[in-house]
1. Exactly one condition in (1) part of a helix (DSSP H, G or I); (2) modelled with pLDDT under 95; (3) in contact with a helix residue (DSSP H, G or I) (Cβ under 6 Å, 6 or more places away or on another chain) is not met by LYS138; state its number.
2. Determine which member of the set PHE479, PHE457 is in contact (Cβ under 8 Å) with a residue 60 or more places away in the chain and either buried (at least 16 other Cβ atoms within 10 Å of the Cβ) or more than 29 Å from SER551 (Cα to Cα) (or both).
3. At positive phi and either surrounded by 15 or more Cβ atoms within 10 Å (Cβ to Cβ) or of a type in the set (Val, Ile, Thr) (or both): which single residue out of GLY136, GLY124 fits that description?
4. If you scan the range 480-522, which residues turn out to be of a type in the set (Lys, Arg) and in a loop (DSSP other than H, G, I, E, B)?
5. Looking at the range 142-150, is at least one residue surrounded by 13 or more Cβ atoms within 10 Å (Cβ to Cβ), at pLDDT below 95 and closer than 12 Å to LEU558 by Cα?
6. Go through the range 429-454 and give me each residue that's farther than 29 Å from GLY548 by Cα, surrounded by fewer than 16 Cβ atoms within 10 Å (Cβ to Cβ) and either assigned by TED's automatic domain parsing to the domain that holds TRP492 or more than 19 Å from the chain's Cα centre (by Cα) (or both).
7. Any idea which residue in the range 89-104 is farthest from ASP141 (Cα to Cα), counting only those that are touching a residue at least 24 places away in the same chain (Cβ under 8 Å) and buried (at least 21 other Cβ atoms within 10 Å of the Cβ)?
8. Kindly provide the set of residues from the range 63-77 that are farther than 11 Å from ALA88 by Cβ and loosely packed, with under 15 Cβ neighbours inside 10 Å, ordered by number.
Amino acid sequence: MAPQAAALPHRVLVTALWLVSVAGPGQGPSPVSALAAAVLGVEPGSEASYEGSTFRCLNGVGEPLPAAAINDEACDCADGSDEPGTGACAGQDKTLFFCQNKGSVPRRIYASRVGDGVCDCCDGSDEESLAKRKPGTKCNDVCSVEGAQDKVRIQEKVEMLRRALQKQEDIRKEGMSAREKLSADLDTLDAGLPALESSVEVAKVAADAQREAEAAIKAQEEAAATAKKEAEDAAKVAKFPNCQWRQTGGCKPDGEREATNDKPCTDTVPSGTSGFCDCDGDGALGTAETGFTCEVSGGTRKCLEECLKSTSEDKEEEKPEATAEKEETEAIAEEEETEAAGDDEKPQVSEYSKWMDGASETKGAAGEDDKPQVSEYSKWMDGAADTDGAAGGEETAEEVPVPETVDEAAEGIEAAPKEQTAVEKETAAQSELTDHKDKIQQAKDSLDSLSVDMLGFANLMDKKFSKFIGEWTYDINFFGRADQGSTSLGSWSKWTGPRSGEFTDGHMCWGGPARKLLVNFVCGEKEEILDCFEPSRCVYEATIEHPGACSKEELDTLAQGKQVHDPRDEL
């Protein structure tokens, strides 16, 4: 017993020996159980892991260690489990030192803060190992003072949590109602989808038939145009059956003949050649025939076109005598009409009005100069049956201006709606179907955002948060997009946890990647951005306070005095 006891830490050894001295055989805890209960830094409920004459690292790696290896200031386990009460295994975050802090709030701290000369636990237990090595460094127990302060703070947080959780419940109820409405809307949209798809199919059949008919008509028109052109070309060629391109040398139209290069008038004449268009085929350049030098390039059917042109220029068309006589008669009639129109005192009814309304008499023709007339056009437009002039009444009717043009007459008449073609109906039906599918997808996206387990955040739907931080204004629109000034940080992607989500596919950074925004929610009554920064290149992180991040478990823990401070709470 002596060699092993000599290796035990002083506190463990004294406690174990004292228990052995006061306990008789079969009475009180065994030395091994007492040893485990006295292990410094072990959290209540975990003592059983340190019972026995040997200890095995809690990560299960390595061979069993003697119990004396516990808190011996030598780190034997990678997870630090053999040194729960010392700083020997600093650098890992698996095994944390537990401060009992009786009278205040218990705390867990990293091994790196144990025995460093700084009192992190209000009961000073984190510096006991150092005090054993360096007397005079012992920390005072201030838990009673700290506990009184914690009590006030905890009570304030309990009250805040109760208010926040009530808000969360109200939000959940509203979210559930919104979700039920979205589900009902989605059911209605889904029910209407088959009819729209059927309409598109029916419209497509009719549109395909229309397109086929139009294609057939177009093919007929193209065939007719081709036949007409071929007939016109044939007629042109028939006018000059002996036409030839006569090529000459020396770049002169009348140069030495190169008969081997002669071509029909319909052939292409090479560029940079000279010659002439022999329209009558006599082999000589006539006065009415066109010659070309090398500087003027020929072209397809150049000679035939030149022959046709020269023929039309030489032929003087005479105006038929009947046409001249007709023009003279029309000129005389126009002159007589102008003279008749000189009588300003007799208002006339326009030829347009006669044509439109069948008017046969004018006020001047009827001799009723003192009775203003209502035009037949007015009767036709407004359904007037009688006028003061026609009825012989004494009252003077207001004269209605007679339209002189077709556009003036049509003004104010609503045109009949044009009936849609089958292709237009298909386009309209397809557009309606696309819009309907978009609404279905939007409803599904909204339901995903309002999932049952995230209803505490239901009022975020279409809510925008804005805050100026540093040099930028951050705008976060749920469940739309997020921006830093005019730079997009992405569009809403998904929830990544019970209190976190992300926006992705924002504007590209120089050389990539695309910007993204990570959102972390913390418990609070308010709904606001607390902070936003860029922890790594093109990845932004925002902290938002919201009631949806509060939990009843936290309230119960605080109200029942079971709170334990964790080192991660300080981050």
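The values are calculated or read from the model by the stated rules, or taken from the named source; none is laboratory data. This is a predicted model, so every value here is computed, not measured. Glycine also receives a Cβ, built like all others from the backbone with ideal geometry; neighbour counts cover every protein chain displayed.
1. (1)
2. Values: PHE479 fails: in contact (Cβ under 8 Å) with a residue 60 or more places away in the chain.
Result: PHE457 is the single residue among PHE479, PHE457 that is in contact (Cβ under 8 Å) with a residue 60 or more places away in the chain and either buried (at least 16 other Cβ atoms within 10 Å of the Cβ) or more than 29 Å from SER551 (Cα to Cα) (or both).
3. On the way: GLY136 fails: either surrounded by 15 or more Cβ atoms within 10 Å (Cβ to Cβ) or of a type in the set (Val, Ile, Thr) (or both).
Criteria check complete, one pass: GLY124.
4. So the first thing to find is which residues in the range 480-522 are of a type in the set (Lys, Arg), and the list is 481, 494, 499, 515-516.
Residues satisfying the conditions are ARG499, ARG515.
5. Yes, some residue in the range 142-150 is surrounded by 13 or more Cβ atoms within 10 Å (Cβ to Cβ), at pLDDT below 95 and closer than 12 Å to LEU558 by Cα.
6. The one that is farther than 29 Å from GLY548 by Cα, surrounded by fewer than 16 Cβ atoms within 10 Å (Cβ to Cβ) and either assigned by TED's automatic domain parsing to the domain that holds TRP492 or more than 19 Å from the chain's Cα centre (by Cα) (or both): GLU432.
7. Result: THR95.
8. Scanning the range 63-77 gives GLU63, PRO64, PRO66.
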